[in-house]
Every structure is written in C-alpha cells, then in structure tokens.
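A short write-up of the structure that comes next.
The values are calculated or read from the model by the stated rules, or taken from the named source; none is laboratory data. Treat the numbers as computed from the prediction; the structure is a model and nothing was measured. Neighbour counts are summed over all protein chains in view; Cβ atoms, including those assigned to glycine, are modelled from backbone coordinates with ideal geometry.
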Amino acid sequence: MVGDSENSQVLLDIPTSFDSRQKWPECTQIGAVRDQSDCGSAAHLVAVELASDRTCIFSNGTFNWPLSAQDPLSCCVGLMSICGDGWGCDGSWPKDILKWWQTHGLCTGGNYEDQFGCKPYSIYPCDKKYPNGTTSVPCPGYHTPTCEEHCTSNITWPIAYKQDKHFGKAHYNVGKKMTDIQTEIMTNGPVIASFVIYDDFWDYKSGIYVHTAGDQEGGMDTKIIGWGVDSGVPYWLCVHQWGTDFGENGFVRFLRGVNEVNIEHQVLAALPDIDKHN
C-alpha cells in the first residue's frame, strides 16, 4: 500500500458496495463508535479514529488499539500550538490533529466507558435519550481537559505515556471525485470527510440522509468507511462521533455522488509511521 493524493490513479474495478470492516476484519477499531459528549471535539475524535484504523491496516493487524482523542484535545492547545490558540473543546480541524500525530505522536486511549489505554476520553456521555424513554445524566457544560503528560486511565496501563506514542508520517487531501474517494478507501482505508450540518441532521435516525429542511449550523466531520446502494439510491457509509444512540447505532448513511451537504468536497487521509516509536 502506498499513499494516495489528489492526482492519484483511480482504480478501474470499483464495486457497487464496499465496507472497510470486511476488507480488514482484523482491525476492529474501524467500526468503533466514539462519543464527543458535550465538547466540540469531533475533529479530534475523527482524526484519531483514522490514525487508529490506518496504523492497524499498515501494520497488518499487529496494532489494533484505539488511539487517544484525549491526548491532543487536552495538550494540543494554547498560543502558537499546532492546533491554534486555545482550541480544545471549542473545536479544531482534523488536519491539525493529524499534524500533531506526526510531530508529537498519539498514545492509546478509548472511550469514557471502557477506560482502555493510556489516556481514555474523560468526558462522560450525557443528555442521551434512550428508546425506553429514559434520559442519561445531564451535561455539566463542556470544559477542555487539563493536559497531563502521563497515563490517566483508571486501570494500570503497562506502558508509560512517552513510550506509548504512535506517529503519523503524512496527511493529504483526497480528490473530490467520487471515484477518487472510493479508490483511496479501497487502497488505504477509511477517510475523513467534512460536511455542512443543518438543523435536520440532528433528527436523523435511519436511512440515507439528504438535507431537506432547516438552517445551516456550521461544519462537522465524520469518517467514511465504505459505500453501497439501497433501493437504487447510492450512499456513503460513515461512522459518526455522537455515540451509538444517534442514527443507525452510531452510523450515518449520506447520499453519495452529488456532493450532498459538501460531503465529497473536503476529504482527508493520512499515513502512519509504523517504524517510529518513542
């Protein structure tokens, strides 16, 4: 496997449907759903998901752990940092988190619930509405976690923070054509897509999402892991960062091939540096 780019050669044999989980079944993090909770950390989560997936894929499955969103969320902040001045829970850009992966590395860390790895996510899921009518604990109001340069898991993680770092090698834009995006996913794994979020997206529960009503609220990031066709309608298969109670158990299907809500306009990918460790 090699890195792709906007000018890369498109594969001639692109199937009607594709799922990265099926091509790389040993990489179980590909389908794992994270939850940003009451924090503007979608860019952090989707970037470390991509880093986790591709580190697994390029290591032929020898690395199959989640990388930590808590690490860049708390530490890639402040004046003159890669991630800008005081980002944290106020939001960031996926490419900046991928830069952090290249320069500072990412330690391991999973969801709040599992407390897996060196630095798992510290902000608990909140304000969830479940099918039985119950609601989870209320959100306390977001705050950017404090940067700690040591493992913070509630379990005893056997690897020290600085030795637990895994690094990226490069990040790059993927071409805007549907076939460019499909080729990149089939060749190197899932990609990051930025899209325009409208009011009606909050009400998405199932099916293929198409914007039909509501005002524009800003931008959002998601991870495309494949595609398919449902009743003649083509779609992108995405793992979103709003927990398993949103959408189709945490997944969203977007209309494919017409740049619906700009889903195909700004697609990002990256390569891991398998041989580099602290």
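Here are some notes:
- Test: K95 is closer than 28 Å to K23 by Cβ and charged (D, E, K, R): yes
- Near pairs, Cβ below 8 angstrom, 6+ apart or cross-chain, from the range 103-128 (of a type in the set (K, R)) to any residue that is part of a strand (DSSP E or B): K119/T108; K128/T135
- Helices (runs of 4 or more DSSP H) fully within the range 1-105 that include at least 2 residues being of a type in the set (S, T, N, Q), at pLDDT 90 or above and under 24 Å from W157 (Cα atoms): 42-58, 70-75, 94-103.
- When restricted to residues that are within 20 Å of T244 (Cα to Cα) and among the small types (G, A, S), the range 136-151 contains 1.
- Unique residue being part of a loop (DSSP other than H, G, I, E, B) and closer than 25 Å to P125 by Cβ when the list is T222, T156, T212: T156
- Residues of the range 139-152 satisfying the condition of being modelled with pLDDT under 80 and either of a type in the set (S, T, N, Q) or more than 22 Å from the chain's Cα centre (by Cα) (or both): P140, G141
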